[in-house]
Each structure stands twice: as C-alpha cells, then as structure tokens.
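The values are calculated or read from the model by the stated rules, or taken from the named source; none is laboratory data. These numbers come from a predicted model, not from an experiment. Ideal geometry is used to build each Cβ from the backbone, glycine not excepted, and the neighbour counts take in all protein chains shown.
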Amino acid sequence: MRQIGHLVIILALTALTQLGGLAWLVALRFRRRLAVFLLAYAALWGGAQVVAPVFGRVPLPCSGELLRTQSRLYCVMLRNFVTPELLDVAKDAAARVAIAYPGTVTLALDGSFPFGDGFPLVPHLSHDDGEKLDFAFYYRDDFYGDGDYLPGITDSPIGYFSFLRLGEETCPPAWPTLRWELRWLEPLHLFVGLEPKRTGALVRALAKDPRVSKIFVEPPVAELLGVSGDKIRFQGCRAARHDDHIHIQL
Ligand SMILES: [Zn+2]
C-alpha cells in the first residue's frame, strides 16, 4: 500500500514538473524525506537550467518588464522551457505589443519541460517539443466597461481557466473531454475583464511572424479581437479550450 502511495507521488510529481518524481525517488532513501526532496529538487532544477540549453531548450524569463512567466511557479515547476527560436518569437511579439502600448507586460504560461521530445506537459498533450507556448490574455480593471490595463495581472491565479464563454458551445458533449468548465475555480478569480486591444495586438504580432505556423484561439474570441488569417485557427473539439489563453506553435 505504501509503495503504491509512493508510486502515485512519483507519477504526479513527474507529470507536473518532469524532475520532481526523480527527486522523490532520491528522498525515499532518507529519513528526513521532505528536506531531502526539496534539496534534491533544487539541485535538479539548477542542473536543468544549465544542461537543457545544451540540448536545445532555454527557459523563458521568470521576471522582467517586457516578457515573463505569469508567475514564478511556472519556473519553479520547470514548465517554462522552449526552443531558442520560440524564445525569440515570444520576445519579438512582446516587444511589438509594448511598442504599440508602452508599459505592456506580456505573460507566458506553459511552454515545455526542459528535456526530451514527446514528453507531454500535462494537461497540454501537444506541448512536448519546446515548439509550443501559451500566452495569457491581457486584462483591464473593469469587467464590462473599458477600465485601465492592469500590467502583470490575470483574472485567474494561474493565468488559465478564466473562460470567456462567448457565444454558444460549439462542441457536442463528449467524455472524456478537455473542454473543462471549472466553475468551482471562479471564487478565486479577480473578475477583471479582457483587454482586447493588447490581446488582439499580440495575436496579430504572432500571426505576422513567419516562424509561427499556428495560433489557436476559440473562434468567438478571434471575432471579438478582430483577428483572422489562415494561421489563426480553432483547435478542434478534442483539445483544451482556448477562450482563456492563446496557444502558438512554430
Ligand atoms: Zn498550448
């Protein structure tokens, strides 16, 4: 029974952070398990920052005024790795938005893990090669009207899952589904509104970049933002919904 418990912990930590399961495996050999786990994870984390670039994955910045991860948690959990090319794409797009709207902070969400092709970043099955990245929407301080832009703020605490729920549900009910509702998370939301000008500018900057092959946003969101083009697509009903963030791939 205990072994099953440890196996569950190892699998969960591996799914969430790639290297956390390994740290737990090391910690199992020691009595002060939690302390050893934290030390082992810190060592693996530091190692990943140095070794991953050798294998073609670099971390997105965890701080900064132009482009950064939505929270440090993405960095702590090693979910902020992308190819050097995708890092450039993200920096260029963030710079374009900030030129049009000075003071804009572009927030990145999940990228990929530091190592391996084909190791998916749950729950995004496609984020497995460093060539996919999610961006948070930009928000303003009034849910319905046109309040001021809020730099560095997202409606939900992790940037994901504040669904706009525009128009009618286009997909038939299915099980299992990645089109989650997650209404139970709503008490944690700030109830700030989407800032469409900056969000539209980001999508347009990404669409203009020849290195970007696809951008996923839900069709009613694309309509609201006034963006269109052959790169801007609906991801289909069998993938996660995209009325809470923007997904791009090279
Ligand atoms: Zn994505």
Residue among SER156, SER213 that alone is within 16 Å of the ligand (Cβ to nearest atom), exposed (fewer than 14 other Cβ atoms within 10 Å of the Cβ), assigned by TED's automatic domain parsing to the domain that holds ARG96 and modelled with pLDDT of 90 or more
SER213
Does the range 61-83 include one or more residues that are out of contact with any strand residue (DSSP E or B) (no Cβ under 7 Å at 6 or more places or on another chain), outside any helix (DSSP H, G or I), modelled with pLDDT under 95 and more than 30 Å from TYR139 (Cα to Cα)?
no
Among the residues listed as GLY236, GLY159, GLY167, GLY193, the single one being under 17 Å from THR104 (Cα atoms) and free of Cβ contacts under 8 Å to residues at least 60 places away in the same chain:
GLY193
Quick check: is even one residue across the range 167-189 in a loop (DSSP other than H, G, I, E, B), away from the ligand (no atom under 16 Å from the Cβ) and modelled with pLDDT of 95 or more?
no
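Please enumerate the residues belonging to the range 131-142 that are within 21 Å of GLY103 (Cα to Cα) and in a loop (DSSP other than H, G, I, E, B).
From the range 131-142, those within 21 Å of GLY103 (Cα to Cα) are 134-142; that's our starting set.
The answer is PHE137, TYR138, ASP141, ASP142.
Can you pull out every residue in the range 231-250 that is over 15 Å from the mean Cα position of the chain (by Cα) and modelled with pLDDT under 90?
First pass over the range 231-250, keeping only residues over 15 Å from the mean Cα position of the chain (by Cα): 231-238, 250.
Hits for the range 231-250 are ARG233, PHE234, GLN235, GLY236, CYS237, ARG238.
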Of all residues making up the range 91-116, the number that are more than 19 Å from ASP244 (Cβ to Cβ), within 16 Å of the ligand (Cβ to nearest atom) and in a loop (DSSP other than H, G, I, E, B)
1
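How many of the residues making up the range 65-76 are in contact (Cβ under 8 Å) with a residue 12 or more places away in the chain and surrounded by fewer than 19 Cβ atoms within 10 Å (Cβ to Cβ)?
Residues of the range 65-76 in contact (Cβ under 8 Å) with a residue 12 or more places away in the chain: 65-71, 73-76.
Next, only the ones that are surrounded by fewer than 19 Cβ atoms within 10 Å (Cβ to Cβ) stay: 65-66, 71, 73, 76.
Count: 5.
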